[in-house]
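Structure record follows, encoded as structure tokens.
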Amino acid sequence: MIGFQDVRKEYGSTVAVHDLRLSLPDGAITVLVGPSGCGKTTLLRMVNRMVEPTSGRVLLDGTDVRELDPARLRRGIGYVIQQAGLFPHRDVLDNVGTVLVLGGTGRREARRRAVELLDLVGLPAELGTRYPAQLSGGQQQRVGVARALAADPPVLLMDEPFSAVDPVVRQGLQDELLRLQGELGKTVLFVTHDIDEAVKLGDRVAVLRQGGHLAQVAAPDELLAR
Ligand code: ADP
Ligand code: ADP
């Protein structure tokens, strides 16, 4: 479904991603792991065209993403970042339902659907009328996941989504993602610098090293030099 074909990204003289070739299996979690600055975020953002490659192609279902309209592309792909990125002046239900409203669903229906999405990510409906600042970090990340799932996208991009929460909460979020994945079978690209998280979550793990080089791609139990 998603393929990187000899993708390279340079920022001036910095090579962020070095001629990288990788394909992501459908319906599986692929984890990109590596130290800070090795190009993980840059690579992930090429999928929804937040970053354009310097050379090479990114394919989505066989189509070069450059041929797709960026706004539609971003609405069709779920995106979860570290600090949830929720709108502070909208309550949780409006945050979760935003994508649906943009897609033409009425606000009332979008809020009704948002309650179901909260349930899907393990949050009680009562939290729906709170504002983001009234939630814990872990709850905010769950709302971020619910929002990313609202339009039922086939693809989810997750950039260090659980890194800012404490270890116990993080484990709960990881378990929740694995449960959701079992239920929904999304194609997930998950970025982390934490090898233990990569091994726990990944059906496949792609290891990047400094300079945007792909060091290896393996099933978690086949990873070398852990
Ligand atoms: P990671 O996600 O693995 O931390 P990034 O993809 O954020 O890595 O960054 C890879 C490299 O590209 C780093 O050296 C970073 O400083 C550089 N970089 C990322 N974005 C930009 C940008 N917009 N302008 C210039 N350099 C950038
Ligand atoms: P995040 O942690 O959300 O990935 P970053 O702090 O890495 O965000 O980067 C924030 C923004 O700054 C991004 O748009 C990224 O592309 C840009 N950026 C990252 N590294 C650099 C850099 N070395 N020079 C210029 N811009 C950068």
Rounded to the nearest 500 deg cm²/dmol, what is the calculated helix-only ellipticity per residue at 222 nm for the chain, with -39500 (n - 2.57) per DSSP H run of length n ≥ 4? -10500 deg cm²/dmol
So what's the net charge close to Thr54: Lys and Arg +1, Asp and Glu -1, counting the other residues with Cβ under 12 Å from its Cβ? -1
Once both label points are put 7 Å beyond Cα along the C-beta direction, the Ala151-Gln83 separation in nm becomes 2.5
Shape call for the chain from the C-alpha gyration tensor, a ≥ b ≥ c root eigenvalues: rounded (a/c under 1.5), prolate (a/b greater than b/c) or oblate? prolate
For the stretch 16-119: rounded, prolate or oblate by the Cα gyration tensor [a/c cutoff 1.5]: prolate
At 4 °C and 1.567 mPa s, the Stokes-Einstein diffusion coefficient in µm²/s for the stretch 85-155, with hydrodynamic radius from the Kirkwood sum on alpha carbon pairs, is 111
Counting only DSSP beta bridges with both residues in the chain, tell me the antiparallel percent, nearest 5. 50
Go ahead and set up a Gaussian network model of the chain, Cα springs under 10 Å, then flag whichever of Asp152, Asp19, Asp166 fluctuates most. Asp166
Taking only Cα atoms, what is the 0 to 90° angle, nearest 10, from helix 92-102's long axis to the longest principal axis of the chain? 70
Count the net charge of all other residues whose Cβ sits under 13 Å from the Cβ of Asp152, scoring Lys and Arg as +1 and Asp and Glu as -1. +2
Return the whole-Å distance between the Cα centroid of the stretch 155-169 and the Cα centroid of the stretch 1-80. 19
Label the stretch 162-210 by shape, choosing from rounded, prolate and oblate, from the square roots a ≥ b ≥ c of the eigenvalues of the Cα gyration tensor; if a/c is under 1.5 it is rounded, and otherwise prolate applies when a/b is larger than b/c, oblate when it is not. oblate
Please compute the net charge surrounding Leu102, taking Lys and Arg as +1 and Asp and Glu as -1 over other residues with Cβ under 15 Å from its Cβ. +4
Cross-link reach from Lys186 to lysines, straight Cα distance under 19 Å and at least 8 residues apart if same chain, gives Lys200
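Taken together, the values in this text are just the output of simple stated rules run on the coordinates, not laboratory data. What you see is a predicted model, and the numbers here were worked out from it, not measured in a lab. Methodologically, a virtual Cβ is constructed for each residue, glycine included, from the backbone with ideal geometry; neighbour enumeration extends over all protein chains shown.
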